[in-house]
1. Among the candidates LEU75, LEU81, single out the residue that is over 12 Å from the mean Cα position of the chain (by Cα), farther than 30 Å from SER123 by Cβ and free of Cβ contacts under 8 Å to residues at least 12 places away in the same chain.
2. Within the stretch 14-55, count every residue that is part of a helix (DSSP H, G or I), modelled with pLDDT of 50 or more and among the β-branched types (Val, Ile, Thr).
3. Return the total of residues in the stretch 129-159 being of a type in the set (Asp, Glu) and surrounded by 18 or more Cβ atoms within 10 Å (Cβ to Cβ).
4. Please work out if ALA59 is closer than 15 Å to ALA44 by Cα and exposed (fewer than 15 other Cβ atoms within 10 Å of the Cβ).
Amino acid sequence: MSKKVSVAILAACVLLSACTNKEAEPAAAAAPLTDAEAAKIADAAVSVWASMDAAKVKALYSPDIVAFDYAVPGLSTDRALFDKRQDAFVAFKMDKFVEKERKIQILGPDTFVMSGTWDGTSSATPANNGPTRCTDVFQKQADGTWLIANEHCSAVPKG
């Protein structure tokens, strides 16, 4: 065997070994989401809702949001319709939201759920005053942002 052939075979073996070893390495696990990190993300979302800024409110949600709206019957799976509902929410001109209770459940490094109740008041539209309960599923996006993929809001039953 010529020296050139031997060198070529050796080089091929080295390259094949490097490729094989990389394939055998386990993928790096995503860092676990902490309670404090999830709370910070949830607090930021609540602040955006309280801002009554339609563009910022709509930016909280994933393009394929699935939602039950507080004020409208039926399941919303159409983003354009969902955005119109967020415009209507902002038009309520809520002055203040007071968190009554909240629970965050971490489901994995890329998903958590925030459930809670809030009392909202509006000096412009007092008919909209009252308690609301919501559950929001947050998912981490490929770019590292967190968006709400699923939301279910409803009136708190009287009782």
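The values are calculated or read from the model by the stated rules, or taken from the named source; none is laboratory data. This one's a predicted model, so the numbers in the text were calculated from it and none came from an experiment. All Cβ positions, even for glycine, are placed from backbone atoms using ideal geometry, and neighbour counts span all protein chains on display.
1. Values: LEU81 fails: farther than 30 Å from SER123 by Cβ.
The match here is LEU75.
2. Residues flagged as part of a helix (DSSP H, G or I), modelled with pLDDT of 50 or more and among the β-branched types (Val, Ile, Thr) within the stretch 14-55 amount to 3.
3. Here is the first cut: in the stretch 129-159, the ones of a type in the set (Asp, Glu) are 136, 143, 151.
Restricting the remaining residues to those that are surrounded by 18 or more Cβ atoms within 10 Å (Cβ to Cβ) gives 136, 151.
Here the count works out to 2.
4. Numbers: closer than 15 Å to ALA44 by Cα: yes; exposed (fewer than 15 other Cβ atoms within 10 Å of the Cβ): yes.
Spelling it out, ALA59 is indeed closer than 15 Å to ALA44 by Cα and exposed (fewer than 15 other Cβ atoms within 10 Å of the Cβ).
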